[in-house]
Each structure stands twice: as C-alpha cells, then as structure tokens.
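Asker: This is the structure I want to talk about, given as structure tokens.
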Amino acid sequence: MPTLLITSSPSLQQHLQAALDRELEVYDSLSALAEQPQRCAQGVVWVDADNQDEALLARLCRGDFGRARVIVLSSTPSDRQAVQWLGAGAAGFLNAFSQPETLQQVSAVVAADGIWVGVGLMQQLCARFGQVARTDSPLLEQLTEREREVVGHLREGKSNKQIARDMDISERTVKAHLTAIFGKLGVPDRVQLLLKLSS
C-alpha cells in the first residue's frame, strides 16, 4: 500500500520518513498530485496543510481523487482545523512534528480503517455526546458498578488521567475498565460508547 507525503518542507519529510520507517512518495504540492489522481487510488496520503490549496485538500479528503485515506498535518494545529478537516473526510489530523510514536499510532489506526482524533477534541466530543447519553440505558446493566462509574466520568469528557485521579485508581486500571466496557458493549472507543448510550 503506497504512502504519499505532500509537503515542501525537507525537515517534515525527514521527520516523517524516520518516524514511519518506510519509503515515502513525496510531492511538493497538492496540485502536483492532482495531476496524477491514479496515485490516490489507494494507500495513505499525509498532507502538510500549511501553504496548501484548501479547496484541493477538501477534495482530496472527500475522495474526489481516489480512495486513499488522508491524514492532515499542521505545524500550528487547532481544534477548529481538526473539525474542518475531519468533517471534510480526513482520517486523521495532528501536529506535523508529533513524536514518532504518535505518528506510528496514527499510521496504524488509519491503516485499520480508523480515524485519529487528538485528545483535546476527543474530550470535547465526549463531553458533547455525554450530555445526551442516557444514564438509565439497559446497556449499563451489563457493567459492574465500577465500570458504570467510569462511564459517568466519560460522560463529563474526562481524560484517563482525570478519571484515575477522581476514582483514586491508576491510569492502568482505568484502561482495563475501558477495555472491559468496550468489549461488553461492542464498541471500539469512548465516542462510539457515548453515541450508543445516546440512542
């Protein structure tokens, strides 16, 4: 599966190449790639959004050039940009110079047909969906009392660290509770959990 990078920044190219430990097919602009839409038929396209044509980037995210998954990078990321590009159809949005481990995680999530959402935006989404998640859902009966308590904290948009502090347990225990909750309710993540409880 091809991995493409759209950037005019040699330092970003080096950073991503080292982090992903694979050969990248590099284009200096979206317009250069748009002339070869067959290159977007599959695979993953990492796009440095800084100084790119936003209309072309939106078309790429929508799939107008092919079925490749798009990950948008920004040197000054914001939640507003994340919502903009994820809403346009991108599979991920993050800081262009994120740690190599983060870039590897994003790559794995997107390769598995997932969507990468940053922690700040994830907390906002959880808080928003948590407000409408039912506290009397019959689904909650499948959970232990402690797991229901974790769900209550998720409804408030809290991070694992905040939940651990509030419940006086380790983050590792929070993660174990989340894994059990996701497994019992058949959801992949906290946003899907809250959406399921909202229906």
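Asker: Describe numerically, in nm with one decimal, the distance between label points set 7 Å from Cα along Cα→Cβ at Thr135 and at Phe182.
Answerer: 2.6 nm
Asker: Label-point separation (nm) for Asp79 and Gln142, each offset 7 Å from Cα along Cα-to-Cβ?
Answerer: 3.0 nm
Asker: Helix 145-155 sits at what angle to the longest principal axis of the chain, using alpha carbons and giving 0 to 90 degrees rounded to 10?
Answerer: 50 degrees
Asker: Here's something else I'd like to know. How far, in degrees from 0 to 90, does helix 171-185 lean away from the longest principal axis of the Cα atoms of the chain, to the nearest 10?
Answerer: 90 degrees
Asker: Using θ = phi - 60° and the Karplus curve 6.51 cos²θ - 1.76 cosθ + 1.60, what whole-Hz ³J(HN,Hα) does each residue of region 89-99 get, with Gly and Pro shown as x?
Answerer: Result, rounded to whole Hz: x, 5, 8, x, 8, 6, 5, 4, 10, 4, 4.
Asker: So if R0 is 45 Å, what FRET efficiency would Glu156 and Ala32 give, r being the distance between their Cβ atoms, rounded to the nearest 0.05?
Answerer: 0.45
Asker: Then there is this: Which of Ala68, Ala127, Ala49 moves the most in a Gaussian network model of the chain with Cα springs under 10 Å?
Answerer: Judging by the Gaussian network model, the answer is Ala127.
Asker: Moving on. Have a look at Gln105, Gln192, Gly152 and report the one farthest towards the positive end of the charge dipole of the chain, computed about the Cα centre with Cβ charges (Lys/Arg +1, Asp/Glu -1).
Answerer: So the residue we want is Gly152.
Asker: Under the 0.36 nm per residue contour assumption, what length would be gained going from the current alpha-carbon distance of Leu195 and Ala108 to full extension?
Answerer: Net length gain for the segment: 28.9 nm.
Asker: If the elastic network links every pair of Cα atoms under 10 Å, which of Leu57, Leu185, Leu12 fluctuates the most in the Gaussian network model of the chain?
Answerer: Fluctuation is largest for Leu185.
Asker: Then there is this: Taking 22 Å as R0, compute the FRET efficiency from the Cβ-Cβ separation of Ala127 and Ser170 and round it to 0.05.
Answerer: Here the calculated transfer efficiency is 0.40.
Asker: As a check on your grasp of the helix formula, calculate [θ] at 222 nm for the chain: sum -39500 (n - 2.57) over DSSP H runs of n ≥ 4, divide by the residue count, round to the nearest 500.
Answerer: Taken over the chain, the calculation gives -15000 deg cm²/dmol.
Asker: Could you work out the longest stretch of the chain that avoids the GluC sites (Glu not before Pro) located in DSSP loops with at most 15 other Cβ atoms within 10 Å?
Answerer: 36-155
Asker: Tilt of helix 79-88 relative to the longest C-alpha principal axis of the chain, in degrees (0 to 90, nearest 10)?
Answerer: Rounded to the nearest ten degrees, it is 70.
Bear in mind these aren't lab numbers, they're just calculated from the coordinates by the rules spelled out. None of these values were measured; they are calculated from a predicted model. Heads up, the Cβs are rebuilt from the backbone with ideal geometry, glycines too, and the neighbour counts pull from every protein chain shown.
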